[in-house]
Amino acid sequence: MRILAIDTALPAVSACVLDHDAEEPIASERLEMERGHAEALLPLIERVMSKVEGGFASIDRVAVAVGPGSFTGIRIGLAAGQAIALACKAEIVGVSTLAALAAPLILESFEGVVAAAIDARHGKVYVAAFGPDGRALLTPRRAGAHEALRALGDGPLLLIGSGAELLAKEARARGVAVKIVGEQASPDISYVARLGLAAQPETAPARPLYLKEPDVTVDNKQQDAQPVGAATDVPPAVETAMAPDVVSDAPSPAQA
């Protein structure tokens, strides 16, 4: 099986193509950016696919990072992933950004708890935790450092992600053994691909994982920011499906 992985949920735009029996992606690219995901994504995917023999027609599955992360970023990635999957007649699955961050640590032997934490601002983090066997110990949630650490237990803790230092400070104050492995803002796209290969469409749907209410409001009603389509040299069905109405069926962002 050959998979195309896409991640626009955090401050980066990434894509790669990986075969199920390969150790490294066939092609991969990552651009770190706070804004401009919609304009950058399709040209980046086109550059990645230009290095893949067989092009889009060789893709069997698409994996998209579904959050937690930026409302707009999540929707941009999902719109592109759904469009490409439709055009290529491929399966599509969703991958948690927290699971993708934690994945390289779970593959190493360790004692204690692996926790992936993304800075959610205002003193809060998006956090999830996993045991040595990869079993989820704490499902994704948005919480303050004190609340999150209480849910993580007595450690020792292995932390990764942009919110790792916030949790580490709380852990040290409480005397919990903690180690920060990395503070990267977004996961390695190859692990989005690997988790996507292991997932099943029935249990890992390509739907947004929203853990907070949107920041944009209109007449006191919550509204999601709409992604801006970007024209590039990709299959026509992909360009058409990048229009905003593709993501209008996304579930309510009030999902916790």
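The values are calculated or read from the model by the stated rules, or taken from the named source; none is laboratory data. Note that the structure is predicted; figures quoted are calculated from it, not measured. Quick reminder, even Gly has a Cβ in these numbers, built from the backbone with ideal geometry, and neighbours come from all protein chains shown. For accessibility, only protein heavy atoms count, side chains too; no ligands or nucleic acids. Shrake-Rupley method; radii C 1.70, N 1.55, O 1.52, S 1.80 Å.
3J(HN,Hα) couplings calculated from phi for the range 46-53 with the Karplus curve 6.51 cos²θ - 1.76 cosθ + 1.60 (θ = phi - 60°) are, in sequence order, 4, 5, 5, 5, 5, 9, 9, 4 Hz; Gly and Pro show x. For the range 105-116, putting each phi into the Karplus relation 6.51 cos²θ - 1.76 cosθ + 1.60 with θ = phi - 60° gives couplings of 6, 5, 6, 8, 6, 7, 10, x, 10, 8, 10, 9 Hz, in residue order, rounded to whole numbers and with x for Gly and Pro. In whole Å, what three semi-axes, largest first, describe the equivalent ellipsoid of the range 119-169 built from its Cα gyration tensor (square root of 5 times each eigenvalue)? Each semi-axis is the square root of five times an eigenvalue, giving 17, 11, 10 Å.
Among HIS122, HIS37, the order of accessible area from largest down is HIS122, HIS37, computed with a 1.4 Å probe on protein heavy atoms.
Normalised by the number of residues in the range 124-173, the mean separation of alpha-carbon contacts (under 8 Å, six or more apart) gives a relative contact order of 32 percent. Of the peptides 11-19, 155-163, the order by per-residue mean of other Cβ atoms within 10 Å, starting with the highest, comes out as 11-19, 155-163.
For the range 1-40, what is one quarter of the convex hull surface built on the Cα atoms, given in nm²? Don't jump to the answer; show the numbers that get you there.
Working: hull surface 11.9 nm².
Across all orientations, the range 1-40 yields a mean hull projection of 3.0 nm².
Computed from the alpha carbon positions, the gyration tensor of the range 2-81 leads to an equivalent ellipsoid with semi-axes of 21, 12, 11 Å, biggest first.
Based on alpha-carbon atoms, the Kirkwood radius and the radius of gyration of the range 1-143 give Rg/Rh equal to 0.99. Of MET1, MET49, MET33, the residue with the largest accessible area leads and the full order is MET1, MET33, MET49 (1.4 Å probe).
Dimensions of the range 124-205 from C-alpha coordinates, computed as largest minus smallest value along each principal axis and given longest first, are 41, 23, 21 Å. Under 5 Å from the amide H of LEU137 lie the amide H atoms of ALA129, PHE130, GLY131, each residue being 5 or more positions distant or on a separate chain, with H modelled from the backbone and absent for Pro and chain starts.
The phi-based Karplus calculation (6.51 cos²θ - 1.76 cosθ + 1.60; θ = phi - 60°) puts the 3J(HN,Hα) values of the range 192-199 at 4, 5, 5, 5, x, 5, 7, 7 Hz, whole numbers, x for Gly and Pro. A Cα-only calculation for the range 75-193 places Rg and Dmax at 15.4, 53 Å.
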